[in-house]
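Report on one structure; see the data block that follows.
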Amino acid sequence: MKQPTVVVIGSINMDLVTESPRVPEKGETILGEKFHLIPGGKGANQAVAAARLGAQVKIIGAVGTDSFGTELLAHLKNEGIDVSNVKPVTSVSTGVASITLSEGDNRIIVVPGANHLITPNDIEQCESVFANADVCVLQLEIPLETVEKAVEIAKKHGIKVILNPAPAQTLPLFLLEKVDYLTPNEHERPLIFGDTQEEAFIEKLIVTEGKAGVSYYKQGKKVQVSGYSVDVVDTTGAGDTFNGAFAVAISRGMSLAEACAFANAAAALSVTQLGAQTGMPTQEQLEQFLQEQEAKQ
């Protein structure tokens, strides 16, 4: 089987993770339980998820010339990801995400930093990266105009585009028409269409729904892929795991139903460990998980 090639264009962040028993009220100070520095950013997360499942991954992005940037590039290289198209930025710091984990869920504030300096011109200069790719994966933690340029070049080269519309915003008609798959969660879904009729693009929607699983549409009818019962440690990065795994599945020629089931299982497995990337499974781990789930049935 040909090794799939996935191009990811997106954010590279350091996650500053605080575990606490609850979320403080306005003006309140409470004592947290643990603190962690963990590599993150939706672009980097999705790149790692795809790489661990056997894809050849190239990431286009930006980091600051600070210690976080150096550490994150080394980490991505260690995951086998091609970082030759990640530019160093001297004017701002590497992006960070402040994450509070409490009561089995997360709250996140992202400071984009270098991620917001990825320009359409940067994408044009990386056009050769698209030439032999199978799938292009994008999110919205980089400028929208940069996302639009990436979609334009990807379609020029005839490769499929997965757009994970997060953080959610109303998408221009150009993107809705050009992308092959839109992968919002259930909270982002109502925010991305604005005045545009969702029904016109319903067949492109793959909606992640947490423990309920994922849904997609076939001939206008909703198809539900059930979630898995797992011991949840940290839900951060579950959606990114889904997108990276979905990209690998589509690259391998799986049907939409097969790709959703494959990615859904990967996302379920990812929440069993702390950190967006820590729990992202390898191909072997995912296969073992699926075998164990089948044995339970």
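The values are calculated or read from the model by the stated rules, or taken from the named source; none is laboratory data. Just so we're clear, the structure is a prediction, and the values are computed from it rather than from any experiment. Neighbour counts are summed over all protein chains in view; Cβ atoms, including those assigned to glycine, are modelled from backbone coordinates with ideal geometry.
What are the residues in the range 181-197 that are closer than 19 Å to Lys42 by Cα and in contact with a helix residue (DSSP H, G or I) (Cβ under 7 Å, 6 or more places away or on another chain), if any?
First pass over the range 181-197, keeping only residues closer than 19 Å to Lys42 by Cα: 181-189, 191-192.
Across the range 181-197, the qualifying residues are Tyr181, Leu182, Thr183, Asn185.
Would you call Ile59 at pLDDT 95 or above, in a loop (DSSP other than H, G, I, E, B) and crowded, with 23+ Cβ neighbours inside 10 Å? Working first, answer last.
Details: at pLDDT 95 or above: yes; in a loop (DSSP other than H, G, I, E, B): no; crowded, with 23+ Cβ neighbours inside 10 Å: yes.
In short, no.
Per-residue answers, yes or no, for (1) closer than 19 Å to Val137 by Cβ; (2) part of a strand (DSSP E or B); (3) among the aliphatic types (A, V, I, L, M); (4) without any contact (Cβ under 8 Å) to a residue 12 or more places away in the chain:
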position	(1), (2), (3), (4)
Val7	yes, yes, yes, no
Leu16	no, yes, yes, no
Val23	no, no, yes, no
Gly27	no, no, no, yes
Ile30	no, no, yes, yes
Phe35	no, yes, no, no
Ala44	yes, no, yes, no
Val63	yes, yes, yes, no
Q: Given the conditions (1) of a type in the set (A, V, I, L, M, F, W, C); (2) within 30 Å of Gln288 (Cα to Cα); (3) buried (at least 21 other Cβ atoms within 10 Å of the Cβ), report the number of the one that Ala74 does not fulfil.
A: (3)
**Q.** Ile118, sole failed condition from (1) buried (at least 23 other Cβ atoms within 10 Å of the Cβ); (2) within 20 Å of Phe246 (Cβ to Cβ); (3) touching a Pro at 6+ places or on another chain (Cβ under 8 Å)
**A.** (2)
Q.
Of everything in the range 83-105, what is surrounded by 18 or more Cβ atoms within 10 Å (Cβ to Cβ) and not in a loop (DSSP other than H, G, I, E, B)? Give them in sequence order.
A. Val83, Asn85, Val86, Val89, Gly95, Val96, Ala97, Ile99, Thr100, Leu101
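One line per residue, one yes/no per condition, for (1) closer than 23 Å to Asp134 by Cβ; (2) of a type outside the set (Gly, Ala, Ser):
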residue	(1), (2)
Tyr228	no, yes
Thr235	no, yes
Ala238	no, no
Ala265	yes, no
Gln273	no, yes
Thr278	no, yes
Q | Checking Pro165 against (1) of a type outside the set (Val, Ile, Thr); (2) more than 23 Å from Val57 (Cα to Cα); (3) within 19 Å of the chain's Cα centre (by Cα), the condition it does not meet | A | (2)
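Filter the range 160-178 down to residues that are without any contact (Cβ under 8 Å) to a residue 40 or more places away in the chain and touching a helix residue (DSSP H, G or I) at 6+ places or on another chain (Cβ under 9 Å), then give me how many there are. Steps first, please.
Here is the first cut: in the range 160-178, the ones without any contact (Cβ under 8 Å) to a residue 40 or more places away in the chain are 161, 163, 165, 168-178.
Checking which are touching a helix residue (DSSP H, G or I) at 6+ places or on another chain (Cβ under 9 Å) leaves us with 161, 163, 165, 168-172, 174-178.
So the answer is 13.
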Q) In the range 250-285, what residues are buried (at least 17 other Cβ atoms within 10 Å of the Cβ), farther than 21 Å from Thr100 by Cα and of a type in the set (Gly, Ala, Ser)? A) Ser251, Ala259, Ala261, Ala263, Ala265, Ala266
